[in-house]
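Reading through the structure tokens given below for one structure.
The values are calculated or read from the model by the stated rules, or taken from the named source; none is laboratory data. Bear in mind that the values here come from a model prediction, so they are computed numbers and not experimental data. Heads up, the Cβs are rebuilt from the backbone with ideal geometry, glycines too, and the neighbour counts pull from every protein chain shown. With ligands, DNA and RNA removed, areas are computed over all heavy atoms of the protein, side chains included. Shrake-Rupley method; radii C 1.70, N 1.55, O 1.52, S 1.80 Å.
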Amino acid sequence: MKLRWKTRLRAHIDLPKAKRILANQSVETDGMTGRPIVLDLRSDNLLIDCGRHLASLAIYAKQIDSPFVIRCPKPILAAIAHKPHSASILSMPHSEWVDSSKPHRDIRDSLILRDYESVVSGHGDSWTLRITRNPNPNSIVFPYPMHPKIYEFAQKQMLAELSQSRPREGVFFGGNMDRRYGRRKICDEFGVTNRLDLLDHVRSIVGHSVATFSRPSSKDSFIIQDSELNPIPRDLWLPTLARHRFFLCCPGVAQPVCHHLTEAMSVGTIPLLEYGNRLTPPLEDGVNAVCFDGPEGLKQAIVRIRNFTPQHVDWLSTNATRYFEKWLRGEQVLRRVRDEDDHRANRSVCLPFHSHDLETPRLRAA
């Protein structure tokens, strides 16, 4: 196993929590039609961002009607229970935990996703998950997921209805403005403006017309809302996004892409952003996004969007929705890995969600 020292230190504390959750879990997979998806873990790499990416895999499995099995040693189970988002998996009725140190029922008909390289060849239908900084063109690439707490409000019919909502207001940003979002590192590492500086640039460009809270506005308005001071209820988050023509996609703490981007595009809200090239495939300026480079580029972008005709805005919005449907639905990527006969040599799945590449252990498959 490859575990961080914090994971090892907390294992004896968090393992009882995991066992309590599992003891109260009711597993109900008999009616599921998809073949099982087994997540075979030997490191705590996938527990970055409070376990949200691990949780998203379990959510995708449910969406494609597949039982979800986490196969890992007890110290990793304890770490899963410690993280707020991944802990929720242990109570999901379509999920199950099995101890990797003990024999398990035949899983040859399952899709196996490993976080390690196996030194044993021919290990069933098996793929390696890689947490990386940059997308690998030779791998299948997972999109950055929505926040796990939003998926329950993101049913397909609801998203389709919200995408069609008209008329819409101007530009919106709602998110955390904690001081950690003002770190210089993201500029040094990725060449993008950090969140707090970006919002300061908006205030200097737009001036008095920036509102710091949500209110009825116009197509030219620019609203900035601190989610800590004025939180938006989860069930109203997607409808709030759908009320606006554009969403200012500020970067995250350690790397540019943030869950807000996926959520905005899911309801046809056009992303205004500096990191369109971070997605796979890249977003196209003036087609499905409005892209800019630096403070001067942001200023020009704001002028551009205020000169867009309503027809052009509707066209951009439709294209943003189409991009989401084709490239940002994680369940479609998981279904592709599960169902399609993909013969690529490296059989790896890339999750470009981190500021650097995390080491993938090379171990013998159990």
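Run down Ser56, Ser95, Ser86 and say which single residue is more than 22 Å from Pro352 (Cα to Cα), open to solvent by less than 20 Å² (accessible area, probe 1.4 Å) and at pLDDT 95 or above.
After applying the criteria, what remains is Ser95.
Give the stretch 50-81 a look and list any residue that's among the basic types (Lys, Arg) and more than 19 Å from Ser126 (Cα to Cα), or say none. Break it down into steps so the answer makes sense when it comes.
Step one: of the stretch 50-81, the residues among the basic types (Lys, Arg) are 52, 62, 71, 74.
Once the filter is applied, which keeps residues that are among the basic types (Lys, Arg) and more than 19 Å from Ser126 (Cα to Cα), the stretch 50-81 yields Arg52, Lys62, Lys74.
Being out of contact with any helix residue (DSSP H, G or I) (no Cβ under 6 Å at 6 or more places or on another chain) and surrounded by 19 or more Cβ atoms within 10 Å (Cβ to Cβ) is the filter here; which residues of the stretch 35-46 pass it?
Of everything in the stretch 35-46, those that are out of contact with any helix residue (DSSP H, G or I) (no Cβ under 6 Å at 6 or more places or on another chain) and surrounded by 19 or more Cβ atoms within 10 Å (Cβ to Cβ) turn out to be Pro36, Val38, Leu39, Asp40, Arg42, Ser43, Asn45.
For residues that are open to solvent by 40 Å² or more (accessible area, probe 1.4 Å) and among the acidic types (Asp, Glu), tally how many sit in the stretch 11-31.
Count: 2.
Could you list, in sequence order, the residues of the stretch 291-308 that are part of a loop (DSSP other than H, G, I, E, B) and either open to solvent by less than 20 Å² (accessible area, probe 1.4 Å) or aromatic (Phe, Trp, Tyr) (or both)?
Matches in the stretch 291-308: Phe292, Phe308.
Of all residues in the stretch 265-290, which are open to solvent by less than 10 Å² (accessible area, probe 1.4 Å) and either out of contact with any strand residue (DSSP E or B) (no Cβ under 9 Å at 6 or more places or on another chain) or not in a loop (DSSP other than H, G, I, E, B) (or both)?
Once the filter is applied, which keeps residues that are open to solvent by less than 10 Å² (accessible area, probe 1.4 Å) and either out of contact with any strand residue (DSSP E or B) (no Cβ under 9 Å at 6 or more places or on another chain) or not in a loop (DSSP other than H, G, I, E, B) (or both), the stretch 265-290 yields Met265, Ser266, Val267, Gly268, Ile270, Pro271, Leu272, Leu273, Gly276, Ala289, Val290.
Exactly one condition in (1) farther than 15 Å from Phe173 by Cα; (2) under 19 Å from the mean Cα position of the chain (by Cα) is not met by Asp188; state its number.
With (1) farther than 15 Å from Phe173 by Cα; (2) under 19 Å from the mean Cα position of the chain (by Cα) applied to Asp188, the lone miss is (2).
Taking the stretch 309-366 on its own, how many of its residues are open to solvent by 20 Å² or more (accessible area, probe 1.4 Å) and assigned to a strand (DSSP E or B)?
2
Which is modelled with pLDDT of 95 or more, more than 19 Å from the chain's Cα centre (by Cα) and surrounded by 15 or more Cβ atoms within 10 Å (Cβ to Cβ), of Ser126, Ser163, Ser118?
Ser163
Where in the stretch 146-261 are the strands (runs of 3 or more DSSP E), entirely inside, with at least 1 residues that are among the acidic types (Asp, Glu) and either in contact (Cβ under 8 Å) with a residue 24 or more places away in the chain or touching a Ser or Thr at 6+ places or on another chain (Cβ under 7 Å) (or both)?
In the stretch 146-261, the matching strands (runs of 3 or more DSSP E) lie at 169-175, 222-226.
Please verify whether Val206 is within 19 Å of Thr321 (Cβ to Cβ) and open to solvent by less than 60 Å² (accessible area, probe 1.4 Å), treating the condition exactly as stated.
Answer is no for this residue.
Hey, can you tell me all the residues within the stretch 324-366 that are of a type in the set (A, V, I, L, M, F, W, C), within 17 Å of Thr132 (Cα to Cα) and in contact with a helix residue (DSSP H, G or I) (Cβ under 7 Å, 6 or more places away or on another chain)?
Val349, Leu351, Phe353, Leu358
Which of (1) within 25 Å of the chain's Cα centre (by Cα); (2) at negative phi is the odd one out, the single condition Gly286 does not satisfy?
(2) is the only condition that Gly286 fails.
Against the condition farther than 29 Å from Asp109 by Cβ and over 22 Å from the mean Cα position of the chain (by Cα), how does Thr7 come out, does it pass?
Numbers: farther than 29 Å from Asp109 by Cβ: yes; over 22 Å from the mean Cα position of the chain (by Cα): yes.
Answer is yes for this residue.
Give the residue, chosen from Ser204, Ser218, that is out of contact with any helix residue (DSSP H, G or I) (no Cβ under 9 Å at 6 or more places or on another chain) and small (Gly, Ala, Ser). Spell out how you get there, then give the answer.
On the way: Ser204 fails: out of contact with any helix residue (DSSP H, G or I) (no Cβ under 9 Å at 6 or more places or on another chain).
Selected residue: Ser218, the only one of Ser204, Ser218 that is out of contact with any helix residue (DSSP H, G or I) (no Cβ under 9 Å at 6 or more places or on another chain) and small (Gly, Ala, Ser).
Under the condition of being hydroxyl-bearing (Ser, Thr, Tyr) and in a helix (DSSP H, G or I), which residue from the stretch 48-82 is nearest to the chain's Cα centre (by Cα)?
Ranking the qualifying residues of the stretch 48-82, first place goes to Ser56.
Tell me which residues, restricted to the stretch 305-322, are among the charged types (D, E, K, R) and over 21 Å from Arg278 (Cβ atoms).
Hits for the stretch 305-322 are Arg306, Asp314.
Restricting the first residue to the stretch 291-309 and requiring it to be of a type outside the set (S, T, N, Q), which pairs with a second residue that is open to solvent by 40 Å² or more (accessible area, probe 1.4 Å) meet a Cβ separation below 7 Å and a spacing of at least six or different chains?
Qualifying pairs under 7 Å: Cys291/Asp285; Phe292/Gln300; Pro295/His201; Leu298/His201; Leu298/Ile205; Lys299/Ile205; Ile302/Ile205; Arg306/Asp220.
Looking at Asn230 and the list (1) open to solvent by less than 10 Å² (accessible area, probe 1.4 Å); (2) modelled with pLDDT under 95, which single condition is not satisfied?
Among (1) open to solvent by less than 10 Å² (accessible area, probe 1.4 Å); (2) modelled with pLDDT under 95, the lone unmet condition for Asn230 is (1).
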